[in-house]
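Visitor: Got a structure for you, written out below as structure tokens; questions coming shortly.
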Amino acid sequence: MGKIIDGNLISAKVKDEVKNEVEKLKMKGITPCLAVIIVGSDPASRVYVNNKKKACEYTGMKSLEFALPEETSQEELLNLIDKLNEDKQVNGILCQLPLPKSIDEETVLNKIAPEKDVDAFHPLNVGHIMIGDAKLLPCTPAGVVEMLDYSNIDLKGKTCAIIGRSNIVGKPMAMLMVQRDATVTVCHSKTKNLSEITRNSDIIISSAGRKNLITADMVKDGAVVIDVSINRDENGKLCGDVDYENVKEKASYITPVPGGVGPMTISVLMKNTLMATKSQNGEA
Ligand code: NAP
């Protein structure tokens, strides 16, 4: 049976490291501050924003919340971002997605000052991720790499199938794995012979958002299986893409859902806010 990679445990360790660093900064009179914007009343977004606020509290950072009504115009939102970009007290800015349909997501994300863009969605930061010299890391993919490192999994020369090619998960995940010397295949909905690719992979990272996509017959013995997705099964219970009960018998390492990649995203967000604060204050 595969070893379970415990995202809650690793995330707590990362947050403790950030907390220590924040204490040191505070002794120099610097308190990192994260501004979180939420537009509308999507219940899932509300949960994510609350969790981000809690993580700020835990690590000793200040958090500011800007909860705007659903009918907020794009112009109003861009004006708020402008103000936060200018505000020297604010080190990180994030705009919780999804935004209402009347607002263009790309325009909003591009408005956030790159040095405060703690989600690393701005094209300039995406470029740094591509080049391999990013200070601000893509939160979920970097969380996956933290988990692999914590578990001492050697990535060099390993074959890695990434399922999903979104800008938030799949594409930056591929870049980070290539930088770590893995040989990567990026799969998507048009990929032919997905199971052939996964069966030949030492590492499978699935972010398709399709429950039961990865079954045991698609996994080779001893593979490392990372499940990024958050889906609901027919009983409303959270699940990932992987048929966890059967795949864990074949895998050498596996992440559960919940309690796997999910908590890591927030701990990398805290790392990014710390890094943004340090570099804005000449400390990095
Ligand atoms: P997304 O934008 O919907 O992308 C899904 C990707 O999966 C697309 O590239 C799609 O291909 C591909 N795909 C869909 N069905 C497939 C299939 N049957 N076979 C192969 N590829 C398939 O989603 P996302 O934003 O990347 O998020 C992915 C999942 O991760 C979601 O469940 C989301 O909730 C979860 N997530 C979790 C965290 C976390 O903190 N753990 C963070 C972010 C996202 P096409 O490009 O061809 O459509």
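Computed from the coordinates by the stated procedures, all read-outs in this text should not be read as laboratory data. On a predicted model such as this, the values are computed, not experimentally measured, just so you know. Cβ placement follows ideal geometry from the backbone for every residue including glycine, while neighbour counts extend to all protein chains displayed.
Visitor: Checking understanding here: applying a Kyte-Doolittle mean of at least -0.5 and a length along the axis of at least 20 Å (C-alpha), which whole DSSP H helices in the chain pass?
Guide: 261-280
Visitor: Also, I was wondering about something else. Taking a spot 7 Å from the Cα of Lys88 along the direction of its beta carbon, which residues of segment 255-284 have an amide N less than 16 Å from it?
Guide: Answer for this model: 277-283.
Visitor: In sequence order, what are the phi-derived ³J(HN,Hα) couplings for segment 108-120 according to the Karplus relation 6.51 cos²θ - 1.76 cosθ + 1.60 with θ = phi - 60°, rounded to whole Hz, with x for glycine and proline?
Guide: Taking θ as phi minus 60°, the curve returns 5, 5, 6, 7, 5, 4, x, 6, 10, 7, 6, 8, 6 Hz for segment 108-120.
Visitor: For Gln74 paired with Asn193, estimate the spin-label separation in nm (one decimal), with each label point 7 Å from Cα along the Cα-to-Cβ line.
Guide: The answer from the label model is 4.4 nm.
Visitor: Just rank Arg46, Arg232, fewest to most, by other beta-carbon atoms within 10 angstrom.
Guide: With the fewest neighbours first, Arg46, Arg232 line up as Arg232, Arg46.
Visitor: How do Met264, Met175 line up, fewest other C-beta atoms within 10 Å first?
Guide: In order of increasing Cβ crowding within 10 Å: Met175, Met264.
Visitor: Separate question: Order by neighbour count: Ile129, Ile5, Ile205, Ile30, fewest other Cβ atoms within 10 Å first, most last.
Guide: Final ranking by Cβ density, sparse to dense: Ile30, Ile129, Ile5, Ile205.
Visitor: Here is a further query. Sort 101-110, 13-22 by packing, meaning the average of other beta carbons within 10 Å per residue, with the highest value first.
Guide: 13-22, 101-110
Visitor: Still on this structure: Suppose the chain between Asp221 and Glu57 were pulled fully straight at 0.36 nm per residue; how much longer would it get relative to their current alpha carbon spacing?
Guide: 54.8 nm is the gain from fully extending Asp221 to Glu57.
Visitor: Please give, to one decimal in nm, the separation of the simple spin-label points placed at Asn235 and Asn200, each 7 Å out from Cα toward the Cβ.
Guide: 3.9
Visitor: Considering amide H positions built from the backbone, and no H for Pro or chain starts, which residues 5 or more places from Ala251, or on another chain, come under 5 Å of its amide H?
Guide: Those qualifying (amide H under 5 Å, at least 5 residues apart or on another chain) are Gly2, Gly222.
Visitor: Label points 7 Å out from Cα along the Cβ direction at Leu9 and Arg210: separation in nm?
Guide: Here the modelled spin labels are 3.3 nm apart.
Visitor: May I pose another question? For Lys278, go through the aspartates and glutamates and keep the ones whose alpha-carbon is under 19 Å away, minus same-chain ones fewer than eight residues off.
Guide: Asp16, Glu17, Glu21, Glu23, Glu57, Glu86, Asp87, Glu115, Asp117, Asp119, Asp133
Visitor: Right, another one. Take every DSSP beta bridge with both residues inside the chain and express the antiparallel ones as a percent of the total, to the nearest 5.
Guide: 5
Visitor: Moving to a separate point now. Rounded to whole Å, give me the distance from the Cα center of segment 5-67 to that of segment 76-92.
Guide: 18
Visitor: In nm, what is the difference between 0.36 nm times the number of residues separating Met1 and Asp104 and their Cα-Cα distance?
Guide: Length gained, Met1 through Asp104: 32.5 nm.
Visitor: Tell me whether segment 31-108 comes out rounded, prolate or oblate; compute the Cα gyration tensor, take square roots of the eigenvalues as a ≥ b ≥ c, and use a/c under 1.5 as the rounded threshold.
Guide: It comes out oblate by the Cα gyration axes.
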